[in-house]
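Take a look at the structure set out below.
The values are calculated or read from the model by the stated rules, or taken from the named source; none is laboratory data. Keep in mind that this is a model prediction, so the values were computed, not measured. Methodologically, a virtual Cβ is constructed for each residue, glycine included, from the backbone with ideal geometry; neighbour enumeration extends over all protein chains shown. SASA here: full protein model, heavy atoms, side chains in, ligands and nucleic acids out. Shrake-Rupley method; radii C 1.70, N 1.55, O 1.52, S 1.80 Å.
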Amino acid sequence: MLRYLLIRLVSLTATLIAASVVIFLVMAVIPGNPAVLILGINAQEDTLAALRAELGLNRTLPEQYLAWIGGLVQGDFGTSYTYKVPVAELILDRIWISLPLTLYALALSTAIAFPVGIIAATARGGVLDFGIMGATQLGIAIPNFWFAMMLVFVFAVTLGWFGAGGFPGWDDPLAAIKALTLPAIALALPQASILARVMRSALLETLDEDYIRTARAKGLSRGGMLWRHALRNAMIPVLTILGLQFSFLLAGAIIIENVFFLPGLGRLVFQGITQRDLIVVQSTVMLLVFAVIVVTFLVDLAYALVDPRLRR
Amino acid sequence: MRVPFALALGGIVSLVFVAMAGLSYLWTPYDAEALSIANRLKPPSAEHWFGTDHFGRDIFSMIMVGARTSIAVAVASVGIGMGLGVPLGLWAAARRGSWLDEVIMRGNDLVFAFPSLLIAIMIAALAGPSVMNAILAIGIFNIPVFARLTRGGALSLWQREFVMAARVAGKGAARISAEHILPNLANLLIVQGTIQFSVGILVEAALSYVGIGAQPPTPSWGRMLAEAQTMVSFAPHMALFPGLAIVLTVLGLNLMGDGLRDLLDPRGRERTA
C-alpha cells in the first residue's frame, strides 16, 4: 500500500506541475498583451512600460512562471489589478459559497442516485425500471442553468418559497443553506441522472456474476446479497463517476452562481474576465484545477481501499 | 433488421432540428432579427407560436435560426475531436507500450483533469468571446475522448487473426491501422460521435449563456436564455422555449446514440435494454 501511495503521489505532483504549466502557457501565449488589454490601445508607451514592470511582464517566461508558482505554494496568488488586494483574499471570501454549494449538490446527487439506481436495477426490465431510465434520459438532457431558471420561476417567483437569488452570508446558517438549496438542486439533478444510470448498470453487471449466484444458492437473501456482495463490487465504476462529478459540479457551480447572483468563485472569474484582471482568472482557474486533480487522486486511493487488487 | 424504438424516436427528433436549421436559411415565420417594440413580450399566440422577446422578435424564428449555431458548433467540435483524437489513438495503439503511447495517454489524462468549461472560460478571457473560440474549447476536450476510445478498441483488434495475417503479409502499422483497424472501429466512433454531439450542444449553450460563446447578432439558444433571465418573472415563455429546444435536441441525440449502440453492437443490448 505504501509503495502504491508513493507512486500515486509522484504522479499527482507531475500532473499538478503539468497543469500549472499549461494554464500559464495558455495565458502567456494567447495573443494580446495584458498591459494593453488593461489600459486600452490608446495608452502611452511609458504607462504601458510601467504597468508591464508592475505585472512582472518584463521578465522571461520561465522567471514569470517560477515567480507565480513559487507564490502559489506559499499562498500568494498575486495581486488583483482592479481590486488592488491579494487574489488569495478575494478567493477566500468567495470559496465559502462555491465549495459548500458543490458539496451540497454532490450530497443531493448521491442521495438521489443511489436509491434510484438500486431500485431500477432490482426492477430490471419492469415498468419501474423503464420509467426511471426515461426520467434519467430527460435529466441528462436538461441544461442545469435552464433548470435553475425554471426552479426560480416556480419556487421563487410563483410559490415564493425561496428567494430568487443573492446570498445572506453564513451568520445565519439556516438562511444560507436555504439560499443555496435551489442552486444545489439545479446542479444536482442532471448529475444524479448520470450517477443513477451508472449505479444501475454497475449493479446489473455484478448481479450477473457467478459468485452472486453462489451466494444466492447458499441461501443468502436477495437483500443480503445486494448489500454484502453486489453493492460493494459495483462501487468502482460508481466512485469513478462520483469523482468526475465533483469536477463537473465545481465547474457547473460557476455557471449556476450567475443564475442566482451568488458572489462565489464563478462571479469572481467572470468579473476577472470582463475587467481583464488576468491574474485573478489565472490563479482561480489553477485553484479549481488543483481541487479537481486532488479529488481524482483521492478517488484513486478510495479504489485501492475498496479493491485490494488495485494496490499492486 | 428491426430498428430500435430509441433510434427511431431520437432520429426523428434530431432530424426535425436539422431540418429547422436548414429551413431557416429559406424561410422563418418572421425575420428573426426584426425589432418590433409594439409587439414586445407577447405571450404565445396564434401569430407568435412561442411569443416574442423584449425587442418584439419572434421567438420561434429565433429558435430556428439559433439551431444553426448549435449544430455548427457541435459538428465542428466533434470534427476536431475525431480528426485529431482518432489518429492519435490509432498511433498509440500501434506503438503500444512505447514512450509515444505513454506520452499520448498522459497528455490525454492531463486534458481530462481540466473541467472543459474552465479552459473555455480561460480561452474566452484572453482571445475574446466568439463562436470560434467556443468550438476550439469544446473541440480540444473531444480529442482525449476519441483518442482513448480509439486506442482501447484498436488494442484488442491488434490481437486478432486478420490483423496478424496482414502483418505477415508485410503491411506496415500505418496501413494496417487505416485499412483494417479503423473500419472496424467505425461503429464505436459513430455512437460516441452522437453523444459528443449532444454534449457539444449543451456546452455551447452554457458558454453562450455566460456570455463567452456566440456574440450578438449571432443567434444562439444559450444567449436567448441569458437575455430571458431577468424577465423570468413576467415573461417566462422567453426562457421556456429555447430551453425546451435544447432539452429536446439533446434528448433526441442521446436516444439516437443509445439506439445506434443497440443496433450496431447487439452484445451490449442486454445491459442498456
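Only one of the numbered conditions (1) free of Cβ contacts under 8 Å to residues at least 12 places away in the same chain; (2) more than 27 Å from A:Met149 (Cβ to Cβ); (3) among the hydroxyl-bearing types (Ser, Thr, Tyr) is violated by A:Thr274, and that is (2). If the condition is being surrounded by fewer than 15 Cβ atoms within 10 Å (Cβ to Cβ) and among the basic types (Lys, Arg), then region B:41-80 contributes no residue at all.
The residue list B:Ala137, B:Ala147, B:Ala178, B:Ala186 contains one member that is closer than 30 Å to B:Thr218 by Cβ and within 27 Å of the chain's Cα centre (by Cα), which is B:Ala137. The helices (runs of 4 or more DSSP H) found entirely in region B:180-273 that carry 1 or more residues being more than 13 Å from chain A (Cβ to nearest Cβ) are B:182-209, B:236-264.
All of (1) surrounded by fewer than 21 Cβ atoms within 10 Å (Cβ to Cβ); (2) in a helix (DSSP H, G or I); (3) touching a residue at least 24 places away in the same chain (Cβ under 8 Å) hold for B:Ser14 with one exception: (1). For region B:127-146, taking the residues that are surrounded by fewer than 22 Cβ atoms within 10 Å (Cβ to Cβ) and without any contact (Cβ under 8 Å) to a residue 60 or more places away in the chain, the one that is nearest to the other protein chains (Cβ to nearest Cβ) is identified as B:Ala127. Can you find even one residue in region B:203-217 that is at positive phi and either at pLDDT 90 or above or open to solvent by 10 Å² or more (accessible area, probe 1.4 Å) (or both)? There is at least one residue in region B:203-217 that is at positive phi and either at pLDDT 90 or above or open to solvent by 10 Å² or more (accessible area, probe 1.4 Å) (or both). Only a single criterion out of (1) of a type in the set (Gly, Ala, Ser); (2) touching a residue at least 12 places away in the same chain (Cβ under 8 Å); (3) not in a helix (DSSP H, G or I) is not satisfied by A:Gly219, namely (2). Within region A:247-259, residues that are more than 9 Å from chain B (Cβ to nearest Cβ) sit with their Cβ atoms under 8 Å from residues that are buried (at least 24 other Cβ atoms within 10 Å of the Cβ) and among the hydroxyl-bearing types (Ser, Thr, Tyr), at 6+ positions apart or across chains, in these pairs: A:Leu249/A:Thr102; A:Leu249/A:Ser109; A:Ala253/A:Ser98; A:Ala253/A:Thr102; A:Glu257/A:Ser98.
So which of B:Leu84, B:Leu90 ends up being open to solvent by 80 Å² or more (accessible area, probe 1.4 Å), under 24 Å from B:Gly139 (Cβ atoms) and part of a helix (DSSP H, G or I)?
B:Leu84
Out of A:Ile17, A:Ile41, A:Ile7, A:Ile97, I need the residue that is under 30 Å from A:Pro168 (Cα atoms) and out of contact with any helix residue (DSSP H, G or I) (no Cβ under 6 Å at 6 or more places or on another chain). Which one? That would be A:Ile97, the only listed residue that is under 30 Å from A:Pro168 (Cα atoms) and out of contact with any helix residue (DSSP H, G or I) (no Cβ under 6 Å at 6 or more places or on another chain). Among residues of region A:141-158 that are more than 9 Å from chain B (Cβ to nearest Cβ), those with a beta-carbon under 6 Å from a residue that is not in a helix (DSSP H, G or I) at least six positions away or on a different chain give the pairs A:Phe155/A:Trp161; A:Phe155/A:Phe162.
Conditions tested, residue by residue: (1) open to solvent by 10 Å² or more (accessible area, probe 1.4 Å); (2) at pLDDT 90 or above; (3) assigned to a helix (DSSP H, G or I); (4) among the β-branched types (Val, Ile, Thr).
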residue: A:Gly169; (1), (2), (3), (4): yes, no, no, no
residue: A:Ala176; (1), (2), (3), (4): no, yes, yes, no
residue: A:Ala179; (1), (2), (3), (4): yes, yes, yes, no
residue: A:Ile185; (1), (2), (3), (4): yes, yes, yes, yes
residue: A:Leu195; (1), (2), (3), (4): no, yes, yes, no
residue: A:Ser201; (1), (2), (3), (4): yes, no, yes, no
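For region B:145-177, a residue qualifies if it is within 14 Å of B:Arg96 (Cα to Cα) and among the charged types (D, E, K, R), and the qualifying residues are B:Arg148, B:Arg151. If you go through region A:244-301 and pick out every residue that is among the charged types (D, E, K, R) and modelled with pLDDT of 85 or more, you end up with 2. Here B:Val3 passes the criteria (1) of a type in the set (Val, Ile, Thr); (2) crowded, with 20+ Cβ neighbours inside 10 Å; (3) modelled with pLDDT under 90 except the one numbered (2).
Screening the candidates A:Arg3, A:Arg8 for the property of being within 14 Å of chain B (Cβ to nearest Cβ) and modelled with pLDDT of 80 or more yields one hit, A:Arg8. Among the residues of region A:169-211, those that are more than 20 Å from A:Leu244 (Cβ to Cβ) and more than 24 Å from the chain's Cα centre (by Cα) comprise A:Asp171, A:Asp172, A:Leu204, A:Thr206, A:Leu207, A:Asp208, A:Glu209, A:Asp210, A:Tyr211.
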